[in-house]
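Colleague: Structure incoming, see below.
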Amino acid sequence: MSVTDKMLPALPAPNDAKGPIHWLKTNLFSSPINTIFTIIALYLLYIVVPPAINWAFIDADWFATSREGCSREGACWAYIYNRFGQTIYGFYPPEEQWRVNTAFLSLILLCIPLFIESFSKKSWLGGFILLIFPFIAYIFIHGGYFGLEVISTDKWGGLMLTLIISIVGIALALPLGIILALGRRSHMPIVKSVSVIFIEFWRGVPLITVLFMSSVMLPLFLPEGSDFDKLARAMIGIILFQAAYVAEVVRGGLQAIPKGQYEAALAMGLTYWKSMFLVILPQALKLVIPGLVNTFIALFKDTTLVLIIGLFDLLGMVENVLGSDSKWLGFHTEGLVYAGFVFWLFCFAMSRYSMSLERKLHTGH
Amino acid sequence: MNKANSKAAMDDYIIRMINLNKWYGNFHVLKDINLDVKQGERIVICGPSGSGKSTLIRCINHLEEHQKGQIIIEGEELTGDIKHLEKVRTNVGMCFQHFNLFPHLSIMDNLTLAPIWVRKTPKAQAEADAMKYLERVKIPDQADKYPGQLSGGQQQRVAIARSLCMNPKVMLFDEPTSALDPEMISEVLDVMVELAEEGGMTMLCVTHEMGFAKQVADRVIFMDAGQIIEENTPNEFFNNPQSERTQLFLSQIIH
Amino acid sequence: MSTQEQGLTPGKPPIWNDPHYRALFFQILLIIGLGAFLFTIVSNTLSNMENRGISTGFAFLSERSGFDILQSLIPYSADSTYGRTFIVGLLNTILITVLGVVVATILGFIVGVARLSKNWLIAKIATVYIETFRNIPLLIQIFFWYFVVLRAMPSAKNSMSFMDSFFLNVRGLYTPYPVAAEGFDFTLIAMAIGVIAAFVVRSWAKKRQNATGQQFPIFWTALGLIFGLPLIVFLLSGSPLTWDIPELQRFNFQGGTRIIPELLALLIALSIYTAAFIAEIVRSGILAVSKGQSEAALSLGLQPNQNLRLVVIPQAMRVIIPPMTSQYLNLAKNSSLATAIGYPDIVSVYMGTTLNQTGQAVEIIAMTMAVYLTISLTISLFMNWYNAKMALVER
């Protein structure tokens, strides 16, 4: 038997168990194999990173007015700088660009309340942004009403077009996707089969075939003479394609809702549609927001494919328009790096946001 | 320290911990632990959460590494030596709070995995031994099922049988009943009691089940803030706790 | 009131309130609506095509194609039919898909395991790899490898060479091509025998382990049989294999075989991109196996490599395989981007050139989509079968 009332003080860890030397030992050089790996890794970094930094920053030319002003040792960012406006707005006339700016600015402002915890009308705001705002923005950017000059869609291009395609694409794919998800879970055999066939079809084919199809076949489907805007054709294909992916994400959310929720709603006397709208979907959609953000990121990257059917998104502008300007021949690399960087920035930020959302929502459960 | 001389003195002791200290990073989690365990002894370790009791027994089979002090098992000091570690782990069995049964293997395969791959036992022999232990924990009919099909209490009993299949000399229990629903706790405790009384197994058990301690333990140890505060026979410990901290702890769990 | 006369069969509601009839009615409406929709589309299409002078039907498949294809796994010329064009495109798609899957899986596993490494530097490099290549559109990566890297390769005269047998220049990668001489068949037979023998040894070793508990080095023995046996036969029969090594003649290389830069660029870009996703899948698969499993295994006395082989990897695979087959499917679909740099896959030669020449959009697009749908369905079926087989048995 023993007893003590003397509480021992907490001592700091022994010297060889902490500190920078210890950290180096355990993390980089803990075993012969690890040491070899560290040395190889350091060597690889040495031959890749300094030359890249040299090219991109130290030897680069940032301001010049033509290709003579660019030495060939480093990157010629002046090329991008000079044509920056076109990479953002495409062929949209500079005098009217304030319309595009206003539309995007108002979108951002409208989205801010969604991030404020105490804001209560989130679902109304979300519905407005997704379903009504695209039309308002379209009228504003396209023109034709209220004395605004018409800027046809073949003048739209650059980053603006990329954002328009992705945002409108996901916005209109969302309601369709939700209906398909509900249809796939339905007990009515015809409804279920039609949903399954639709979803599996669009998920099984590459986006390029969808774009070709909407570009080439859609005019054939419609009565003689209806002229179809190229962008609209692409958008229809993209919306149908994305709806299938959204449907699968939403279906995952619906499956995660415990059966008890459905039963409680029915027990209260709610009809199918009312219980879906008021009880199930709000919970399911909240669950799948990270999944929807991931779908949006994928769509954002996929918009680059529209350059193959002749629309000039950010990549399309860089590749086809900037690249064929005789004043600036030969700076293909800079253009690709610029476009790649812009996409990376957006996608990385969105994926970080989606991850933090996932963590937040998990703790809520 | 001459191994031959002190071996006689240490022969009684199957586990010795001498001035054991452990840090997690800069956090001093075990402070100067001194503990000697004789063969056949049953020791219950209790204490508030964060006191280091789980860490203590996990140091014995080297799931946690200690930075200062010595752990001596069956006369040999526990260092990072892998050959020695092999021997230690086959002689020391462990039961976890969350059972940790292998979900992709049947119960029978769970039990025979280590005997076949570590002790190189022929399959038929391993299965016969496994059935013996399944009968001992009173669930022989579940041999062909999978862990996911069993209740928590059954899973923990299987976990005990799995450790027993390696014929260990010491069994370590890390809060074996804390994750169980109340009605299943007694079926596991019964197995542990039988193990102690019929089997004469040396046991170190971290638990809050004081009834079990009273019935079976030779010694009860109370730990707080990384050190051993009080250690006594169950009778003395529960009826006559000396330290204030022990008294406080006991008043909180016995209500 | 006798309860035996009344209330034995439940009463029925009027038809318009009966959920069964309502569901039936709704579905009939749906079928009629869809039918009408499809009918309008089809009739519009047919009349539009007639007005524009586009023929229908699949007769075009036996017409002469009139163009050459950059890379073809079967004999093909400008005199071949469009049907043959379809096959060539299909084979090229399958080729890039299979190569891409192999390279991406290997690379993805390496990066995924590296991400979990205790070596801080290696783990960080793996993280940078994943976050970089996942977030840049695939098309940009393809353009980068094709236009920036491979176009910057030197001309044939100044090719980068490796061991004087491999040559990399702006026209592609020239590699030696094996030419089997008389007697090479024996080596092939020996390899087949080696494979069979490996299975036999494995089954014998397992029986022996069950009976006596003794373990046998199955892996190394099998390796020796599958590779060592044919090697011995090869050497004994006088090494009947020569290599056709590419040689620089005037402006170009003769001999050997040429891997076109389009294939190289597409393969590199596809593999690097997909590997970034596979790495994350591998990482989450390994992390999904709780630490407690390894602790239990080690506590039982299992060696670390036994723990890995018998406890961790079987459980990790369950979590890894389903999303990985999804990525394989994505790779197959992404291979269609070949058309952007001119690699002659099915989209490029069939949905591209052939459609331009014949104008028969409906048939051609339908056939192309059917190919991809078949690939998707096959992979989905495999996944369902695998999931059912491997599902953890639960209550």
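Coordinate-derived values only; no laboratory data. Owing to the predicted nature of the structure, the values given are computational and were not obtained by experimental measurement. Note that we place each Cβ from the backbone using ideal geometry, even for glycine, and neighbour counts take in every protein chain shown.
Colleague: What distance in nm separates the simple spin-label points at residue A:63 and residue C:357, each placed 7 Å from Cα in the Cβ direction?
Modeller: In this crude spin-label approximation the distance works out to 5.5 nm.
Colleague: Which order do peptides C:239-247, C:344-352 fall in by mean Cβ count within 10 Å, highest first? Display every interim value, and only then the final one.
Modeller: Numbers: C:239-247: 15.1, C:344-352: 26.3.
In decreasing order of mean packing, C:239-247, C:344-352 become C:344-352, C:239-247.
Colleague: Tell me, what ³J(HN,Hα) does each residue in region C:277-284 have, in order and in whole Hz, if you take phi through Karplus 6.51 cos²θ - 1.76 cosθ + 1.60 with θ = phi - 60° and put x for Gly and Pro?
Modeller: Here the 3J(HN,Hα) series is 6, 5, 4, 5, 5, 4, 4, 5 Hz.
Colleague: R0 = 30 Å: FRET efficiency of residue C:29 with residue A:116, Cβ-based, nearest 0.05? Write down the numbers at each step before the final one.
Modeller: Details: r = 44 Å, r/R0 = 1.47.
Once rounded, the FRET efficiency stands at 0.10.
Colleague: Obtain the nm distance between the two label points defined at residue A:320 and residue A:341 by a simple spin-label model: each point lies 7 Å from its Cα along the Cα-to-C-beta direction.
Modeller: Between residue A:320 and residue A:341, the label points sit 2.5 nm apart.
Colleague: Moving on. Does a label point 7 Å from the Cα of residue C:377, set along Cα-to-beta-carbon, have any residues of region A:169-197 with amide nitrogen under 15 Å, and which are they?
Modeller: The answer is A:196-197, whose backbone nitrogens lie closer than 15 Å to the label point.
Colleague: All other residues with a Cβ under 14 Å from the Cβ of residue A:342 taken together, and with Lys, Arg as +1 and Asp, Glu as -1, what is their net charge?
Modeller: That works out to -1.
Colleague: Still on this structure, please answer the following. Would you mind putting A:44-53, C:148-157, C:257-266 in packing order, based on average other-beta-carbon counts within 10 Å, highest first? Intermediate values should be presented prior to the final figure.
Modeller: Details: A:44-53: 10.7, C:148-157: 13.9, C:257-266: 20.2.
Those peptides, ordered most packed to least, come out C:257-266, C:148-157, A:44-53.
Colleague: For the protein assembly as shown, report the translational diffusion coefficient in µm²/s to the nearest whole number, using Stokes-Einstein at 10 °C, 1.306 mPa s, and a Kirkwood Rh over Cα pairs.
Modeller: For the chosen part, D equals 46 µm²/s.
Colleague: Per residue, how much space in cubic angstrom lies within the convex hull of the C-alpha atoms of region A:126-202?
Modeller: Cα convex hull per residue, to the nearest whole number: 128 Å³.
Colleague: Now for a separate question. Could the peptides A:206-214, A:129-137, B:131-139 be put in order, highest first, of the mean number of other beta-carbon atoms found within 10 Å of their residues?
Modeller: Working: A:206-214: 23.3, A:129-137: 15.0, B:131-139: 17.8.
Packing proxy ranking, top to bottom: A:206-214, B:131-139, A:129-137.
Colleague: Taking the Cβ of residue A:5 as the center, what net charge do the other residues with Cβ under 14 Å away carry, scoring Lys and Arg +1 and Asp and Glu -1?
Modeller: -2
Colleague: Let me ask another. Count neighbours as other Cβ atoms within 10 Å of each site's Cβ, and list the trypsin sites (Lys or Arg not before Pro) in region A:21-120 that are DSSP loop with at most 16 such neighbours.
Modeller: Hits after loop and neighbour filter: A:72.
Colleague: Counting only C-alpha contacts under 8 Å and six or more residues apart, can you give the relative contact order of chain C as a whole percent?
Modeller: 21
Colleague: OK, next. Using the structure shown, select from B:38/B:138; A:121/A:192; B:145/C:291; C:118/C:333; A:286/B:145 the pairs with a Cα to Cα distance greater than 27 angstrom. Show your work: numbers first, answer last.
Modeller: On the way: B:38/B:138 29 Å; A:121/A:192 34 Å; B:145/C:291 23 Å; C:118/C:333 36 Å; A:286/B:145 38 Å.
Cα-Cα > 27 Å for B:38/B:138; A:121/A:192; C:118/C:333; A:286/B:145; rest within.
Colleague: Which residues in region C:22-50 place their backbone N less than 18 Å from a point set 7 Å from the Cα of residue A:224 along the Cα-to-Cβ direction?
Modeller: Correct set: C:40-50.
Colleague: Explain nothing, just the number: dipole magnitude of region B:94-212 about its Cα centre with +1 on each Lys and Arg Cβ and -1 on each Asp and Glu Cβ, in debye rounded to the nearest 20.
Modeller: Value, rounded to 20: 620 debye.
Colleague: In percent, how large is the relative contact order of region C:251-351, given Cα pairs closer than 8 Å and 6 or more residues apart?
Modeller: 34
Colleague: Please give the average number of partner chain Cβ atoms lying within 10 Å of the Cβ of each residue in B:106-116, rounded to a whole number. Present the calculation step by step, with values, prior to reporting the outcome.
Modeller: On the way: counts 1, 0, 0, 1, 2, 0, 0, 6, 8, 3, 5.
If you average over the peptide's residues, the count of other-chain Cβ atoms is 2.
Colleague: Here's another thing I want to ask about it. Quick check: residue separation of residue B:151 and residue B:79 times 0.36 nm, minus the Cα distance between them. What number comes out in nm?
Modeller: So the extension gain works out to 22.1 nm.
Colleague: If you check each cysteine of chain A for another cysteine whose beta-carbon is under 4.7 Å away, which ones come up empty?
Modeller: A:111, A:347
Colleague: While we're on this one: What is the fewest-to-most order of B:51, A:193, B:251 by other Cβ atoms lying within 10 Å of their Cβ?
Modeller: B:251, A:193, B:51
Colleague: Could you work out the local net charge near residue C:341, counting Lys and Arg as +1, Asp and Glu as -1, over the other residues with Cβ closer than 14 Å to its Cβ?
Modeller: -2
Colleague: Where in region C:72-108 is the amide nitrogen less than 18 Å from a point lying 7 Å along the Cα-to-Cβ axis of residue C:284?
Modeller: Those under the cut-off are C:105, C:108.
Colleague: Can I ask one more? Any idea how far apart residue B:36 and residue C:181 come out in nm if each label point goes 7 Å out from Cα toward Cβ?
Modeller: Each label point lies 7 Å from its Cα, and together they span 8.0 nm.
Colleague: Also, quick follow-up: How well do other chains shield peptide C:160-169, expressed as the mean number of their Cβ atoms within 10 Å of each residue Cβ?
Modeller: 0
Colleague: Rounded to the nearest 0.05, what FRET efficiency do residue A:47 and residue A:131 give with R0 = 56 Å and r taken as the Cβ-Cβ distance? Could you check? Can you show the working numbers first?
Modeller: Working: r = 53 Å, r/R0 = 0.95.
So the FRET efficiency works out to roughly 0.60.
Colleague: Let me ask you something else. Below 8 Å, C-alpha to C-alpha, sequence gap of six or more: please give me the relative contact order for chain B in percent.
Modeller: Details: 425 pairs, mean separation 64.2, N = 255.
Taking the mean separation of contacting Cα pairs over the length of chain B, I get 25 percent.
Colleague: Quick one: Karplus J couplings for region B:131-140, per residue in order, coefficients 6.51, -1.76, 1.60, θ = phi - 60°, nearest Hz, x for Gly and Pro?
Modeller: Values per residue, Gly and Pro as x: 4, 4, 6, 4, 5, 5, 8, 6, 9, x Hz.
Colleague: With only alpha-carbon pairs counted, each pair once and no self-pairs, how large is the Kirkwood hydrodynamic radius of region C:17-150 in angstroms?
Modeller: Across region C:17-150, the inverse of the average 1/r is 21.4 Å.
Colleague: Gain in length, residue A:91 to residue A:356, computed as 0.36 nm per residue apart minus the alpha-carbon separation, to one decimal in nm?
Modeller: On the way: separation 265, 0.36 × 265 = 95.40 nm, distance 3.71 nm.
Here the segment from residue A:91 to residue A:356 would lengthen by 91.7 nm.
Colleague: Could you work out the mean count of beta carbons from other protein chains within 10 Å of each residue's beta carbon in A:217-223?
Modeller: Mean shielding by partner chains, rounded to a whole number: 6.
Colleague: Calculated FRET efficiency, residue A:192 and residue A:6, Cβ-Cβ r, R0 51 Å, to nearest 0.05?
Modeller: Numbers: r = 73 Å, r/R0 = 1.43.
With R0 = 51 Å, the Cβ-Cβ based efficiency is 0.10.
Colleague: In addition: If each residue of separation counts as 0.36 nm, what is the full-extension length gain between residue C:388 and residue C:247 once their alpha-carbon separation is subtracted?
Modeller: The residue C:388-residue C:247 span can extend by a further 45.4 nm.
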